[in-house]
Amino acid sequence: DGGITQSPKYLFRKEGQNVTLSCEQNLNHDAMYWYRQDPGQGLRLIYYSQIVNDFQKGDIAEGYSVSREKKESFPLTVTSAQKNPTAFYLCASSNSRGMFETQYFGPGTRLLVL
Amino acid sequence: AQKVTQAQTEISVVEKEDVTLDCVYETRDTTYYLFWYKQPPSGELVFLIRRNSFDEQNEISGRYSWNFQKSTSSFNFTITASQVVDSAVYFCALSEQAAGNKLTFGGGTRVLVKP
């Protein structure tokens, strides 16, 4: 079954703690993305990667970090510098680095601060 | 200024009614793509359609149809004979040539279909 998996489904963070959200895809897609969704709002781009070992900041990168060591994996770390991390996090991937490719999304991770 | 505006935050209909979701976008690019995604209560975004700026033909897929009008910068989505399973949040998104493959999302419209 091809698709995008995200884990965990729910994640709890304590004050001052870094947490890492997992995103894996077996679609052989080159590009991967991380979005944040706050209640009642649209998605905002955090980071994206068009090729292994390269990534760019999106619109709201502050307090987040990523790595892209493997084509199929794009983990997101929410650092203690992110003061309001409670949100729904969605990972996506697209077929190539080309323009206008459709992005396909994973099931999401809901992050809550204790 | 918002690049993608979905003015309707929530629409409530009774099953079998038609429902139209509005999407108005703003871009200076001549080459761009528009998308619609569905987000059911489970949270995952499901891709529905992609339309490029040079193709203004309306599209129908089962009970779904889309009306793209460049003259009014709109890409509206209609669900015909709505069903309870259509209850979800629907997002319109824009991908501009100047922004690479990045998507700009509207705020979404929540559709509630009552039995």
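Starting from the eigenvalues of the Cα gyration tensor, five times each then square-rooted, give me the equivalent ellipsoid semi-axes of the range A:60-106, largest first, whole Å.
After scaling each eigenvalue by five and taking roots: 24, 13, 10 Å.
Taking just the alpha carbons, could you work out the radius of gyration and Dmax for chain B, both in angstroms?
Rg and Dmax of chain B, Cα atoms, are 13.8, 44 Å.
Pairs to check: A:Lys71/B:Lys102; B:Lys3/B:Lys70; B:Lys3/B:Lys102; A:Lys14/A:Lys57; B:Lys38/B:Lys114; A:Lys9/B:Lys38. Give those whose C-alpha atoms are more than 22 Å from each other in this structure.
The answer is A:Lys14/A:Lys57.
Magnitude of the Cβ-charge dipole of the protein assembly as shown, K/R +1 and D/E -1, about the Cα centre, nearest 20 debye?
Here the size comes out at about 500 debye.
Got a number for the accessible area of B:Tyr33? Probe 1.4 Å, square angstrom, nearest 10.
40 Å²
List the pair-distance distribution P(r) of chain A, using every Cα-Cα distance, as the percent of pairs falling in each 10 Å bin from 0 up to the bin containing the longest distance, rounded to whole percents.
Histogram of Cα-Cα distances, whole percents per bin: 15, 51, 29, 5, 0.
On the full set of protein chains, 1.4 Å probe, figure out the accessible area of A:Lys9 and give it in Å² to the nearest 10.
Probe radius 1.4 Å; accessible area of A:Lys9 about 140 Å².
What residues in the range A:85-114 lose 30 Å² or more of accessible surface when the other protein chains are added to their chain alone (1.4 Å probe)?
Residues meeting the cut-off: A:Met99, A:Phe100, A:Thr102, A:Gln103, A:Phe105, A:Pro107.
Considering only DSSP beta bridges whose two residues both sit in the protein assembly as shown, what percent are antiparallel, to the nearest 5?
90 percent
On the principal axes of its Cα set, how long, how wide and how thick is the protein assembly as shown? Give whole Å, largest value first.
Extents along the principal axes: 48, 40, 39 Å.
Within chain B, what percent of beta bridges assigned by DSSP are antiparallel, to the nearest 5?
Expressed as a percentage, antiparallel bridges in chain B total about 90.
The values are calculated or read from the model by the stated rules, or taken from the named source; none is laboratory data. As the structure is a computational prediction, the values presented were derived from the model and not from experiment. Ideal geometry is used to build each Cβ from the backbone, glycine not excepted, and the neighbour counts take in all protein chains shown. Heads up: the accessible areas ignore ligands, DNA and RNA and are worked out on the full protein's heavy atoms, side chains in. Shrake-Rupley method; radii C 1.70, N 1.55, O 1.52, S 1.80 Å.
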